[in-house]
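Asker: Dropping the structure in here first, questions after.
Taken together, the values in this text are just the output of simple stated rules run on the coordinates, not laboratory data. Because the structure is predicted, anything quoted here is derived from the model rather than measured. Here the Cβ positions follow ideal geometry from the backbone for every residue, glycine too, while neighbour counts run over all protein chains shown.
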Amino acid sequence: MTLLIRRLALTDRDDYLQAASEFAGSGFEWRAPQEPELPWGDYVATVDAWEKGESLPSGWVPVTTRVAEWDGVVAGRLSVRHELNDFLRTAGGHIGYGVRPEFRRRGIATALLREGLSIAQRVGVTAVLITCRDDNYGSAAVIERCGGKFRDTVIHPVHGDLMRRYDIALSPA
């Protein structure tokens, strides 16, 4: 079995949209609610522009997006925010990741977070904030395995879930 973490591609459309439907109603948003509904090619180009800080939705910060491909199938998603706004400082953090249910417990989340830390370091982040729902024991374990130090819990300002917040210190790039 092969894992590749890479940019979103034009060929990912069906897998990506299927993953989004698998997460619907789960409390985890595969696609952020503010993401535009665009033709797929335009969406891929927009995601690339966001990495450069271009065409950002109102209130957004630059974000690098990657997907995890497991044997040719999009199995996970990674978002690395280059800075924090008020919302991200409270509940979103620098790094978000998700793994489709059928691909869990294969090390994909750990690989995504490690890649996210590398990207964060490259864009100049030295103090990473990562959050997960308080009842997401799998994600908490991944964060701790990757060096996360528990900071506190907060109430998510939108959906009211209890969120765990972790810090990871990185050396300057």
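Asker: 7 Å from Cα along Cα→Cβ at both residue 153 and residue 21: what's the point-to-point distance in nm?
Answerer: For the pair residue 153/residue 21, the computed spacing is 3.5 nm.
Asker: From the phi of every residue in segment 94-99, what ³J(HN,Hα) in whole Hz does the Karplus formula 6.51 cos²θ - 1.76 cosθ + 1.60 yield, where θ is phi - 60° and glycine or proline is x?
Answerer: Once rounded to whole Hz, the list reads 7, 10, x, 8, x, 10.
Asker: As a test of the formula, what do you get for the chain when each DSSP H run with n ≥ 4 contributes -39,500 (n - 2.57) and the sum is divided by the residue count, at 222 nm and rounded to the nearest 500 deg cm²/dmol? It would help to have the intermediate numbers written out before the result.
Answerer: Numbers: 4 runs with 47 residues, N = 173.
About -8500 deg cm²/dmol.
Asker: Okay, moving on. Please list, in chain and number order, the residues 5+ apart from residue 8 or on another chain whose amide H is under 5 Å from its amide H, with Hs placed from the backbone.
Answerer: Amide H to amide H, under 5 Å and 5 or more residues apart or across chains, residue 8 pairs with 67.
Asker: Does segment 48-101 classify as rounded, prolate or oblate by the C-alpha gyration tensor (a ≥ b ≥ c root eigenvalues; a/c under 1.5 gives rounded; else a/b over b/c gives prolate, otherwise oblate)?
Answerer: Here segment 48-101 falls in the oblate category.
Asker: What order, most packed first, do the peptides 38-50, 98-110 have when packing is the mean number of other Cβ atoms within 10 Å of each residue?
Answerer: Numbers: 38-50: 15.1, 98-110: 17.3.
Output ranking for 38-50, 98-110: 98-110, 38-50.
Asker: Cα centroids of segment 145-167 and segment 65-128: how far apart, whole angstrom?
Answerer: Their Cα centres are 15 Å away from one another.
Asker: Show me the ranking of peptides 55-62, 77-84 by mean Cβ neighbours inside 10 Å, starting with the highest.
Answerer: Numbers: 55-62: 13.0, 77-84: 21.0.
Averaged packing, sorted descending, gives the order 77-84, 55-62.
Asker: Would you please state the base-10 log of I(q)/I(0) at q = 0.09 1/Å for segment 23-172, with intensities from the Debye formula using one equal scatterer on every alpha carbon?
Answerer: Values returned for q = 0.09 Å⁻¹ are -0.26.
Asker: Obtain the nm distance between the two label points defined at residue 11 and residue 171 by a simple spin-label model: each point lies 7 Å from its Cα along the Cα-to-C-beta direction.
Answerer: If labels sit at residue 11 and residue 171, their model points lie 3.8 nm apart.
Asker: Hey, could you get me the Stokes-Einstein D for segment 127-173, Kirkwood radius over alpha-carbon pairs, 10 °C and 1.306 mPa s, rounded to whole µm² s⁻¹?
Answerer: After rounding, the answer is 144 µm²/s.
Asker: Same structure, new question: Using only the alpha carbons of segment 100-141, what is the convex hull's orientation-averaged projected area in square nanometres?
Answerer: 3.4 nm²
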